[in-house]
Amino acid sequence: MRAFSALLDRLAFTHQRNGKIAHLMQFFAATPDPARGLALAVMTGDLGLRAVTPSMLRALASERIDSQLFALSYDFVGDLAETIALIWPEATVLSDTPLPDLVEELRITPKSGLPALIAKRLDSMSPSERYAYLKLATGGLRVGVSGRLARKALADYGGLPLTEVEEVWHGLTPPYENLFAWAEGGAKPAAAAHAPFRPVMLSTPTDLAALTDLDPADFDAEWKWDGIRVQAVSDCGTRRLYSRTGEDISPAFPDILETLDFEGTIDGELLVRRGDAIAPFGDLQKRLGRKTVSRKLLQSHPAHLRAYDLLVWQGDDLRGLPFLARRAELERAVASVGQPRMDLSPLLAFARWDDLAALRAAPPDSVIEGVMIKRRDSPYLAGRKKGPWFKWKRDPMIVDAVLLYAQRGHGKRSGFYSDFTFGVWDGDSLVPVGKAYFGFTDAELKALDRFVRNNTIETYGPVRALKPTKVVEVAFEGLNRSARHKSGVAMRFPRISRIRDDKPAAEADQLQTLRDMLP
Amino acid sequence: MIDSAALLQVRAEGLFCPAGGFYIDPVRPVEKALITHGHADHARAGHGAVMATAQTLDIMAIRYGNDFTASRQVASGQQQVGDVCVSFHPAGHVLGSAQIALSHKTAGTAVVTGDYSRSPNPACAPFEPVPCDILVTEATFALPVFRHPDASDEITRLLASIAAFPERAHLIGAYALGKAQRIIMLLRHAGWDGPIYIHGALQRLCDYHISQGIPLGDLRPATISRGQKADFAGQIILGPPSAFAATWAQRFPDPVICFASGWMQVRARARQRGVELPLIISDHVDWPDLTRTISELDPSQTWVTHGREDALMRWCELQGRDARPLRLLGYEEEQD
């Protein structure tokens, strides 16, 4: 438990992805089975201990600590588990109970026995261990480790390709001993689960100049839809919908699962579709990240699967076939399933790259974000290989905005003001519309940092309010309506694409310009 | 019966002793001031006369220049000031820090702790308990969540991090008086005998500690010439917290930002400051030591100067102790 709590302490304060991966790898190397696998499951939320509630913990604390003192402390600390971890009477004897024992007893103890068990354990732990233990028991870890990041750390630890780790992941259960054995030179575990995830084929960006070296006759093209890329699997009665990183998102999409009336694996785009109209990404976003979905939302935001590719059909693995052959199978498959919630992504007719450029410039639907270009003779390959598949995205949207606030970055950027909030004009005041952390060169970062230091009008803790004089060009991939932002709009993937020292702040864009860009 | 008003009163300038005609740690210039220790919010320049320990007077001269006061007097033993007998006793907070004991033949005795700590500190003399009728205590960390761990364990965590990330510099934020020298001494005791790099703002106070017999070892200025960033890989650099917001921090390779303070016990505080390795090292009493001190000294009245007095008042109430909050203004609660 001590090693696990030390790991959580470091992860909680590590902002960089690579830093987190480094901590995880060091932990995997130093911790035996099954503790490391259980720790992994705790972090990715796959352990599923849910019986301990905040109210149970509050009641526990009130038995040991005066309620006024506890309330004053909780006010100051702001986190229940942390407050209890810190305020709990000091242990007279510390014991480093192995993580697997703690997990097992939490699992088998009936709910009525949990308060006494937790109190007993807290009595022999350090504050940092108490914190980790309470977070473990309540299941709300929030240390910024996604399943994807944990799998990446594991792949790096074993020198394994990430795509292969993702492929077997869903068949494995905590404490993942066979996975660690594989990472340490043993045999690759068999993908044992029904409806397994297959590593997704990804594209690399391109443009007209790069395409001119290629023969258009070797390629097919289709629209790039602005939803999320998914993999729909139906296998011996098990149906699953995966994100392209292998997260199982089935519970949020019962309407899609219902549609998967086949035996096979389809690669496609998940969209919200009402009648013939594809809804903007913002509508799909309302359906994402849910554990359950209400009937009302199913009706107001119906999901749709637009099929791109066929990986497995009726037990046959088609990934080795050329795209053209898979496409023919896909067309037959989609027709035979005959579900209105699933259709085919149409191929685009073009003879020359200029034809495709013209199509890309005037797509028939605003939910199209460019074109995909696929080599006809290419098999379905895991990962992002350069050559077989290209994405040629539409040009980003652009707006000229004024820098309003700045915060210092972390790691290599510590000491530099690198995180910016920018705004546009709404009448004669500037309203914040987004945040950007990148897009600028190192030299531009230095210049921006100098600007921040010389033009601070106020500081609020780590945040500096800036004299509203610096105009930047912000590029972004899309715009959603947002009730959470004062401006009413939220940008996707914003970055600072140019610093407009030539432009006075008064000539930055108006909020209305952004509103007009809304889908 | 104690006539407490003759001994101590709260005025706009700070804590005033009418019987002696002086202030203790006044926040504005006054005619006569007794100073507990050299931190800037307690020791200000511009008083008519200052009485303090020799080390505190030296530190004030280093910080403000030799003309920081019109006249000065070194505290030693029992000294009569007006109708009050005063004596200074080590507070264990920073070099030169003292509690001030006041004794009046009819009004009784009071001890003004200033800031104090009871955890071992190789950079200053340990706290000395002084019995009294009125204990005037600080309450910076007066919440039961504040239980400072053993400082040497925090240094062990720092050294483990340096071993785990040998390519990165470890940049430690520490206040220039007291905290910085304590960290250096803790590192020396833990066996780190290589150079420790310090920000220019720490230089004179470190030199002064060395002159007072505190062996800080090999200290080097954290300056850098162009293109030698990598020289700081695996090294320890100390700077005042203010320097972390300055361009100074930009010169080190992918630094691990550490901050040594009692506030680091609370995660949100550490995250707010962008700290990657919080080190819980405090120069103040934590909750157990604060409540233990009150219990041990068993004063008939406990006055709370600054900090989180609500929780301490509640604790006194639960203990059946007579206590009052002074709500003194002008002391920076964040400084630790």
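The values are calculated or read from the model by the stated rules, or taken from the named source; none is laboratory data. Here the structure is a predicted model, which is why all the values come from computation and not from measurement. Using ideal geometry, Cβ is built from the backbone for each residue, glycine included, and neighbour counts are taken over all protein chains shown.
Filter segment A:92-121 down to residues that are crowded, with 16+ Cβ neighbours inside 10 Å and either within 14 Å of chain B (Cβ to nearest Cβ) or within 31 Å of the chain's Cα centre (by Cα) (or both), then give me how many there are.
Matching residues across segment A:92-121 total 5.
Under the condition of being polar (S, T, N, Q) and within 12 Å of another protein chain (Cβ to nearest Cβ), which residue from segment B:136-183 is farthest from the chain's Cα centre (by Cα)?
Applying the filter and picking the extreme gives B:Ser161.
How many residues does segment B:235-271 contain that are within 10 Å of chain A (Cβ to nearest Cβ), of a type in the set (S, T, N, Q) and either within 20 Å of A:Asn454 (Cα to Cα) or not in a helix (DSSP H, G or I) (or both)?
2
So that you can scan it fast, the table gives a plain yes or no per residue for (1) within 25 Å of A:Gly289 (Cα to Cα); (2) surrounded by fewer than 16 Cβ atoms within 10 Å (Cβ to Cβ):
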site: A:Trp169; (1), (2): yes, no
site: A:Thr173; (1), (2): yes, yes
site: A:Ala181; (1), (2): no, yes
site: A:Gly186; (1), (2): no, yes
site: A:Asp213; (1), (2): no, yes
site: A:Ala217; (1), (2): no, yes
site: A:Asp226; (1), (2): yes, no
site: A:Thr238; (1), (2): yes, yes
site: A:Ile249; (1), (2): yes, no
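Step by step: first the residues of segment A:287-306, then only those that are of a type in the set (A, V, I, L, M, F, W, C) and surrounded by fewer than 20 Cβ atoms within 10 Å (Cβ to Cβ), then the one that is nearest to A:Thr265 (Cα to Cα). Which residue is that?
Looking at the filtered set, the residue picked out is A:Leu288.
Take B:Gly307 and decide whether it is touching a residue at least 60 places away in the same chain (Cβ under 8 Å), within 14 Å of chain A (Cβ to nearest Cβ) and not aliphatic (A, V, I, L, M).
Here the answer is yes, as B:Gly307 does meet what is asked.
Out of all the residues in segment B:202-220, which are over 17 Å from the mean Cα position of the chain (by Cα) and in a helix (DSSP H, G or I)?
Of everything in segment B:202-220, those that are over 17 Å from the mean Cα position of the chain (by Cα) and in a helix (DSSP H, G or I) turn out to be B:Gln203, B:Arg204, B:Asp207, B:Ile210, B:Ser211.
Which residues, counting only those in segment A:476-519, are hydrophobic (A, V, I, L, M, F, W, C), buried (at least 19 other Cβ atoms within 10 Å of the Cβ) and outside any helix (DSSP H, G or I)?
Residues of segment A:476-519 that are hydrophobic (A, V, I, L, M, F, W, C), as a first pass: A:476, A:479, A:483, A:489-491, A:493, A:496, A:499, A:505-506, A:508, A:511, A:514, A:517-518.
Now drop any that are not buried (at least 19 other Cβ atoms within 10 Å of the Cβ), which leaves A:476, A:479, A:489-491, A:496, A:499, A:508, A:511, A:514.
Answer for segment A:476-519, where residues must be hydrophobic (A, V, I, L, M, F, W, C), buried (at least 19 other Cβ atoms within 10 Å of the Cβ) and outside any helix (DSSP H, G or I): A:Phe476, A:Leu479, A:Val489, A:Ala490, A:Met491, A:Ile496, A:Ile499, A:Ala508.
Report, by residue number, each residue of segment A:203-238 that is assigned to a strand (DSSP E or B) and under 18 Å from the mean Cα position of the chain (by Cα).
Answer for segment A:203-238, where residues must be assigned to a strand (DSSP E or B) and under 18 Å from the mean Cα position of the chain (by Cα): A:Ile228, A:Arg229, A:Val230, A:Gln231.
With B:Gly14, B:Gly77 as the choices, which residue is small (Gly, Ala, Ser) and either closer than 25 Å to B:Gln301 by Cβ or touching a residue at least 24 places away in the same chain (Cβ under 8 Å) (or both)?
It is B:Gly14.
I'd like to verify a number: residues in segment A:1-17 that are more than 17 Å from B:Ile162 (Cα to Cα) and within 11 Å of chain B (Cβ to nearest Cβ), how many?
Looking only at that region, the number is 4.
Does segment A:175-190 contain at least one residue that is under 21 Å from the mean Cα position of the chain (by Cα) and either farther than 24 Å from A:Arg492 by Cβ or modelled with pLDDT of 95 or more (or both)?
No, the conditions are met nowhere in segment A:175-190.
Conditions first: (1) closer than 19 Å to A:Ile368 by Cα; (2) in contact with a Gly (Cβ under 8 Å, 6 or more places away or on another chain); (3) not acidic (Asp, Glu). A:Ala190 passes all but one, so which condition is the exception?
A:Ala190 satisfies all of (1) closer than 19 Å to A:Ile368 by Cα; (2) in contact with a Gly (Cβ under 8 Å, 6 or more places away or on another chain); (3) not acidic (Asp, Glu) except (1).
How many of the residues in segment A:502-519 are modelled with pLDDT of 90 or more and in contact with a Lys or Arg (Cβ under 8 Å, 6 or more places away or on another chain)?
So the count comes out to 1.
Looking at segment A:53-67, which of its residues are part of a helix (DSSP H, G or I) and within 14 Å of chain B (Cβ to nearest Cβ)?
A:Ala61, A:Ser62, A:Arg64, A:Ser67
Residue under question is B:Asp283, and the condition is that it be surrounded by fewer than 23 Cβ atoms within 10 Å (Cβ to Cβ) and more than 10 Å from every other protein chain (Cβ to nearest Cβ); does it hold?
The answer is no for B:Asp283.
Take segment A:411-436 and flag every residue that is within 14 Å of another protein chain (Cβ to nearest Cβ) and surrounded by fewer than 20 Cβ atoms within 10 Å (Cβ to Cβ).
Those that are within 14 Å of another protein chain (Cβ to nearest Cβ) and surrounded by fewer than 20 Cβ atoms within 10 Å (Cβ to Cβ): A:Gly411, A:Lys412, A:Asp419.
Out of A:Val431, A:Val463, A:Val471, A:Val402, which single residue is more than 28 Å from B:Gln272 (Cβ to Cβ) and hydrophobic (A, V, I, L, M, F, W, C)?
Working: A:Val431 fails: more than 28 Å from B:Gln272 (Cβ to Cβ); A:Val463 fails: more than 28 Å from B:Gln272 (Cβ to Cβ); A:Val402 fails: more than 28 Å from B:Gln272 (Cβ to Cβ).
Matching residue, one of A:Val431, A:Val463, A:Val471, A:Val402: A:Val471.
So, restricting to helices (runs of 4 or more DSSP H) that lie completely within segment A:72-146, which ones have at least 2 residues that are more than 20 Å from A:Leu8 (Cα to Cα)?
Because the criterion is at least 2 residues that are more than 20 Å from A:Leu8 (Cα to Cα), the helices (runs of 4 or more DSSP H) in segment A:72-146 that meet it are A:99-108, A:114-122.
Which condition does A:Val77 not pass, out of (1) surrounded by 20 or more Cβ atoms within 10 Å (Cβ to Cβ); (2) over 30 Å from A:Pro174 (Cα atoms); (3) more than 14 Å from chain B (Cβ to nearest Cβ); (4) not small (Gly, Ala, Ser), if it passes all the others?
Checking A:Val77 against (1) surrounded by 20 or more Cβ atoms within 10 Å (Cβ to Cβ); (2) over 30 Å from A:Pro174 (Cα atoms); (3) more than 14 Å from chain B (Cβ to nearest Cβ); (4) not small (Gly, Ala, Ser), the one that fails is (3).
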